[in-house]
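Here's the structure we're looking at; comments come further down.
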Amino acid sequence: MAGLFISLEGVEGAGKTTLIQKMVAYFGRCGKEVLLTREPGGSELGKKLRGIILNAEEKICPTAELLLFLADRAEHTETCITPALAQGKIVLCDRFIDSTVAYQGYGRGMDIDRLNMLNALATNGLKPDLTILLDLDPGIGLARATARNIAQNLTVSEGRFEAEALEFHQKIRTGFLAISRREKRFLVVNAAQDADAVFADVLKALERLLEEKESE
């Protein structure tokens, strides 16, 4: 089977981590080899960049923020994602190109066409086969994410976006939904459901994708 690339997107606290764990278990039962990765931080360079990008105490201008994310993505794609796909693995990535359009485009007000061009440069044109958007009221998601960071002592080290105003996160949700209407690869799932119901909605798409890949 050819490699399969799936990304997960959503506002802060939408439940991506929980869903990814269920997806990894499912693919394991199917006997598939999985690379579980994330942005930022999926490569060795990315781990260093993540410590800068997400730190709540770092003061980063929007352009520098964008370029740091793109540097992370270029290295991640070249050294991790593309090799794994060439080996026929299933790649599950927590955030990818669409987060840049949603956060830096809709959230920060940067030009969408330019962001799409820069994403294509960083990834050599690579896009996921499927993007799962966990759609959730940003107020609920932000409360979840903030509580998680407090519980895990991540408020400073990974809390820069959680510290943004609710209005910013509302723009992010608007952005993700707008992208999903333009891109056929999207599956939009109601993330206000319990975790099992969310996975049940996703499972149908996973089964269909596996069938398509195995028939190629």
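Checking the condition under 16 Å from E12 (Cβ atoms) and not hydroxyl-bearing (S, T, Y), which residue from L136, L203 passes?
Numbers: L203 fails: under 16 Å from E12 (Cβ atoms).
Result: L136 is the single residue among L136, L203 that is under 16 Å from E12 (Cβ atoms) and not hydroxyl-bearing (S, T, Y).
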Grab the helices (runs of 4 or more DSSP H) fully contained in the stretch 41-99, keeping just those with 2 or more residues being closer than 22 Å to G10 by Cβ.
44-53, 62-76
Among residues of the stretch 120-135, those that are out of contact with any Gly (no Cβ under 9 Å at 6 or more places or on another chain) and either assigned to a strand (DSSP E or B) or surrounded by 24 or more Cβ atoms within 10 Å (Cβ to Cβ) (or both), counted
2
With the requirement that a residue be free of Cβ contacts under 8 Å to residues at least 12 places away in the same chain and assigned to a helix (DSSP H, G or I), what does the stretch 169-195 give you?
R181, R182
Within 28 Å of E207 (Cα to Cα), outside any helix (DSSP H, G or I), in contact (Cβ under 8 Å) with a residue 40 or more places away in the chain and β-branched (V, I, T) - does that describe any residue in the stretch 11-28?
yes
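Could you list, in sequence order, all residues of the stretch 1-47 that are among the β-branched types (V, I, T) and surrounded by fewer than 23 Cβ atoms within 10 Å (Cβ to Cβ)?
As a first pass, look at the stretch 1-47 and keep what is among the β-branched types (V, I, T): 6, 11, 17-18, 20, 24, 34, 37.
Listed by number, the residues that qualify are T17, T18, I20, V24, V34, T37.
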Got a number for residues in the stretch 75-99 being within 22 Å of T18 (Cα to Cα) and polar (S, T, N, Q)?
1
With the first residue restricted to the stretch 60-71 and required to be closer than 14 Å to K48 by Cα, and the second required to be of a type in the set (D, E), Cβ contacts under 8 Å at 6 or more apart or on different chains are F69/E39
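Results for (1) within 17 Å of S99 (Cα to Cα); (2) within 19 Å of the chain's Cα centre (by Cα), shown as yes or no for each residue.
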{"residue": "G141", "(1), (2)": "yes, yes"}
{"residue": "T146", "(1), (2)": "no, yes"}
{"residue": "Q152", "(1), (2)": "no, no"}
{"residue": "R160", "(1), (2)": "yes, yes"}
{"residue": "E164", "(1), (2)": "yes, yes"}
{"residue": "E167", "(1), (2)": "yes, no"}
{"residue": "Q170", "(1), (2)": "yes, yes"}
{"residue": "R181", "(1), (2)": "yes, yes"}
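Rundown of residues vs (1) of a type in the set (V, I, T); (2) touching a Pro at 6+ places or on another chain (Cβ under 9 Å), yes/no style:
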{"residue": "A25", "(1), (2)": "no, no"}
{"residue": "N55", "(1), (2)": "no, no"}
{"residue": "I60", "(1), (2)": "yes, no"}
{"residue": "T77", "(1), (2)": "yes, no"}
{"residue": "D94", "(1), (2)": "no, no"}
{"residue": "D98", "(1), (2)": "no, yes"}
Residues satisfying the stated conditions in the stretch 186-208, i.e. surrounded by fewer than 16 Cβ atoms within 10 Å (Cβ to Cβ) and under 26 Å from N116 (Cβ atoms)
A205
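Each reported figure results from applying straightforward, stated rules to the coordinates on display, with no laboratory input. Just so we're clear, the structure is a prediction, and the values are computed from it rather than from any experiment. All Cβ positions, even for glycine, are placed from backbone atoms using ideal geometry, and neighbour counts span all protein chains on display.
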